[in-house]
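Each reported figure results from applying straightforward, stated rules to the coordinates on display, with no laboratory input. Values in this document were obtained by computation on a predicted structure and should not be read as measured data. Here the Cβ is made from the backbone with ideal geometry for all residues, glycine too, and neighbour counts use every protein chain on show.
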Amino acid sequence: MSNSSLVSYTRISPNKTSPRNHSIDTITIHCVVGQVTVERLGEIFAPSSRQASSNYGIGLDGKIGMYVEEKDRSWCSSNSTNDNRAITIECASDTTDPYAINDKVYAALIDLCVDICQRNGIKKLVWSTDKNTRVNHLNGCNMTVHRDYAAKSCPGDYIYNRLGQIADEVNARLCGGNTGTTTPPASNTSFPQTPFTVQVTVPDLNIRKGAGTNYVATGKYTGKGTFTITEVKNGWGKLKSGAGWICLENADWVKVNGSASDTSFKVQVSITNLNIRKGPGTNYATNGYCPKGVYTITDTQSAGGYTWGKLKSGAGWIALDYAEKL
Ligand SMILES: [Zn+2]
């Protein structure tokens with residue numbers, strides 16, 4: 001079990017149970033009730049008389065401190081069962097309601113949650129506004145709050161009201177796709193022999209330069225549509241277009257089709273003013289006219305009463321109603 005490489009200050013607290021008795025599958029975010037540094041938080045957790053700690057803390061400047069290693073259980077959420085399975089994070093906050101955290105703390109919190117999920121195999125954060133769903137981990141819910149276990153306002157309404165947004169931002173960084181924080185992730189676990197096609201059902205699936213969230217995102221999203229995958233590695237698929245790799249594991253976002261080996265065909269374009277569009281529909285921007293000639297179509301979709309064909313060249317889509325299939 002590793003610790004976060006984002007940590008810049010470590011002061012291990014004696015207030016812990018070593019090792020934890022459950023694998024890490026939950027994140028519990030707390031508010032410090034004080035705009036403190038990571039060093040000050042280390043001082044607070046240092047005396048054994050304090051009987052309190054957290055795995056990580058985020059200082060008011062956005063620095064991240066570690067006080068209990070991930071292999072160990074922190075004493076943070078007033079609940080042994082929760083803290084044995086959770087990574088606990090204390091965030092520097094205001095001292096009064098709604099215990100707001102600043103933008104640096106928020107940004108560091110997103111980074112830290114992404115890192116925790118990646119290293120511990122958590123594919124998606126799932127938040128629920130229903131306490132029963134949270135404490136019983138129903139529907140894949142894997143975020144809990146201190147107020148579930150003690151008469152406390154922690155994590156404060158500022159954080160509490162943003163936990164769905166935090167899940168969305170973390171999930172977008174993990175795999176792309178910004179949808180559904182309250183439904184469990186369904187997983188694609190097996191894939192046909194390559195090449196095969198997938199239907200992407202969310203507009204914002206990240207394209208990355210390699211097969212994993214540790215690879216940098218290209219800054220581009222797939223958009224909705226059908227894509228041909230030429231190689232699969234660790235649940236990631238290489239786009240035939242050469243644009244990069246996409247995560248195939250989330251079945252809510254990606255439907256896996258069969259083999260794509262025989263789906264391409266040729267068409268003759270005989271008119272001079274056939275638009276090439278950036279997507280399958282007249283609502284997509286044009287990308288110039290398609291010169292007369294023979295073209296290979298690798299994918300088709302219906303939209304707006306037309307059948308659209310994707311040009312193998314990658315230039316875009318054309319309305320096949322104005323072309324002749326060869
Ligand atoms: Zn707390």
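Extending each Cα 7 Å along its Cβ direction at Asn161 and Ser2, get the distance between those two points in nm, one decimal.
In this crude label model, Asn161 to Ser2 measures out at 3.7 nm.
In a Debye calculation with equal point scatterers on the alpha-carbon sites of the chain and no solvent, what is log10 I(q)/I(0) at q = 0.11, 0.15, 0.16 Å⁻¹?
The Debye formula, applied to the Cα set alone, gives -0.74, -1.10, -1.20.
Once you keep just the Cα pairs under 8 angstrom separated by 6 or more residues, what percentage relative contact order results for segment 196-259?
About 41 percent, as a whole number.
So, counting K/R as plus one and D/E as minus one, what does the shell of residues with Cβ under 14 Å around Trp317 add up to?
Local net charge: +3.
Of Lys124/Lys255; Lys123/Lys255; Lys63/Lys131, which sit over 28 Å apart, Cα to Cα?
Cα-Cα > 28 Å for Lys63/Lys131; rest within.
Compute the relative contact order of segment 265-325 as a whole-number percentage, counting only Cα pairs closer than 8 Å that sit 6 or more residues apart in sequence.
Relative contact order comes out at 38 percent.
Could you check which residue among Val294, Val126, Val105 shows the biggest mean-square fluctuation in a GNM of the chain with a 10 Å Cα cutoff?
Val294
Charges only on Cβ, +1 for Lys and Arg, -1 for Asp and Glu: so what's the dipole of the chain about the Cα centre, in debye to the nearest 20?
With only Lys, Arg, Asp and Glu charged at Cβ, the dipole is about 840 debye.
At 0.36 nm per residue, and after removing the present C-alpha to C-alpha distance, how many nm does the segment from Lys152 to Asn102 gain when stretched out fully?
Using 0.36 nm per residue and subtracting the Cα-Cα distance, I get 15.9 nm.
Looking only at Ile89, Ile276, Ile229, which one moves most when the chain is put into a Gaussian network model with springs between Cα atoms under 10 Å?
Judging by the Gaussian network model, the answer is Ile276.
Based on DSSP H runs of at least 4 residues, each adding -39500 (n - 2.57), what is the mean residue ellipticity at 222 nm of the chain after dividing by all its residues, to the nearest 500 deg cm²/dmol?
Roughly -4500 deg cm²/dmol at 222 nm, from the helical runs in the chain.
Tell me which aspartates and glutamates have Cα within less than 19 Å of Lys233's Cα, excluding those fewer than 8 residues away on the same chain?
Correct list for Lys233: Glu249.
Order by neighbour count: Leu320, Leu138, fewest other Cβ atoms within 10 Å first, most last.
Fewest-to-most Cβ neighbours within 10 Å comes out as Leu138, Leu320.
Say we join alpha carbon atoms closer than 10 Å with springs in a Gaussian network model of the chain; which of Val267, Val36, Val200 then has the biggest fluctuation?
Its mean-square fluctuation being the largest, the pick is Val267.
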